[in-house]
Amino acid sequence: MLDITSLIELLAQPKRIVITTHHKPDGDAIGSSLGLYNYLIQQGHHAKVITPTDYPEYFNWMPGNGEVIIYTENIKESTESIADAEIIFCLDFNTLSRINEMGELVRKSNAIKVLIDHHLEPEDFDDYRCWDINACATAQLVYKFIVEELNNKKLINKDVAACLYTGILTDSASFALPNTTSAVHRITADLIDAGAVNWRIYDLVYNNSSEDRLRFLGICLCCRLEVLYDFNTAIITVSKQDIEKYNIGTGETEGIVNYALSVSGIRLAAFIVERDEKVKLSLRSKGEFPANDICKKYFNGGGHRNAAGGSSTDSLEQVINQFKLILPEYKKLLIQ
Ligand code: 5GP
Ligand code: MN
């Protein structure tokens, strides 16, 4: 492990830096990555953000977005950049499997690896770690890294601020989750003072849906929602045909699971979607219910207690049935 003094020394001269984040990046993944990117380029570093897959267009407004390299669309350049990097920042994930084929490239690289993340149980591949599972977003930790660890608050300019604000806004479900502490609000206040235009960012992220996506949401709510009152559980299940009919792209189903959780009395919600060769599950829960436990035990996944995900190679129908069969095991926790 590297200490902060050595890392500061390393960053004192321009370096070749790669910043990467988990596949199907969400607002926190892209926001924290571009926030760090906009910080590093001010110091003359040659920084590149490389994402394992593409991500929704409603994040394209973010400063630096035009420079992002998408691995699946630029495998050669991505591979060379990772091999050539002196420092690799790994943001918003902590197991290399979360960055698909890029994982082994990062593992093999001789670069110093810096992990900034808020997920449980990090894999041991990093040289420096800024990690806190209580943080509401990785963007919050990037702020802490810049301000408290690198002591460089003056470099939080309006571009850095806008990106980090987006990460906190989206990962805290618009400041609604229990980990949105007073400290988080103080950070977002700082970011607004530094130039993040909070109301405009909200508009860009949340009022930027395609007509197709809005109609797809309508179908999910009226025809694909099933409420299992005996288990205080609600599920939304979506087939490949639905996805194709409404042209639903990467990340565009993000947040739909929260509508299932918004039914009064519901403690567990699942969004189950048939994607390419896999069925993907997104779980959300209230209070102490361990959504990550279900994902870990049955669906090759994991995550946080109240927000977790996993996948299966079984058919959509099989996964829905399996999910329903699991519920009795958790009945006590669900109906208390
Ligand atoms: P989402 O439902 O938004 O895809 O994921 C919710 C949370 O669960 C994310 O914070 C992510 O860390 C975690 N998660 C989602 N899919 C997986 C997975 O396949 N494996 C692991 N370990 N975590 C996942
Ligand atoms: Mn996050």
Taking springs between alpha-carbon atoms closer than 10 angstrom, which of 177, 96, 141 fluctuates most in the Gaussian network model of the chain?
177
Counting sequence-distant residues (5 or more places) and residues on other chains, those with an amide H built under 5 Å from that of residue 19 are 48, 49, 50, 89
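Convex hull over the alpha-carbon atoms of region 1-128: what's its volume per residue in Å³?
On the way: hull volume 12.4 nm³, N = 128.
Expressed per residue, the convex hull around the Cα atoms of region 1-128 is 97 Å³.
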Highest average packing first - 8-14, 301-307, Cβ atoms within 10 Å:
301-307, 8-14
Please report the projected area of the chain's Cα convex hull averaged over all directions, in nm².
16.4
Need one number: nm distance between label points at residue 6 and residue 200, each 7 Å from Cα along Cα→Cβ, rounded to one decimal.
4.2
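Fully extended, how many nm does the chain gain between residue 192 and residue 241 (0.36 nm per residue separation, minus their Cα-Cα distance)?
Contour length minus Cα-Cα distance gives 13.4 nm.
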Which listed pairs, of 48/158; 245/324; 278/331; 48/240, have C-alpha distances above 22 Å, in listed order
245/324; 278/331; 48/240
Averaging 1/r across every pair of distinct alpha carbons in region 211-335 and inverting yields a Kirkwood hydrodynamic radius, in angstrom, of 14.3
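With 18 Å as the limit, write out which pairs from 15/113; 15/144; 286/332 have Cα-Cα distances beyond it, or answer none. Write out the running numbers ahead of the final one.
Working: 15/113 13 Å; 15/144 21 Å; 286/332 14 Å.
The answer is 15/144.
Taking the Cα centre of the chain as origin and charging only Cβ (+1 Lys, Arg; -1 Asp, Glu), how large is the dipole, in debye to the nearest 20? Don't jump to the answer; show the numbers that get you there.
On the way: 33 positive and 45 negative charges, 144 e Å.
Value, rounded to 20: 700 debye.
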Note on region 123-245: the mean projected area of its alpha-carbon convex hull, in nm², is 11.4
Which value in Å is the Kirkwood Rh of region 1-66 over different Cα pairs?
12.8
Straight-line reach only, C-alpha to C-alpha below 13 angstrom: list the aspartates and glutamates that residue 280 could link to, leaving out same-chain residues fewer than 8 apart.
254, 314, 317
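Every number here is computed from the coordinates shown, using simple stated rules; none is lab data. Only a predicted model underlies this, so the values are computations on that prediction, with no experimental measurement involved. For neighbour counting, all protein chains shown are included, and Cβ atoms are generated from backbone atoms with ideal geometry for every residue, glycine included.
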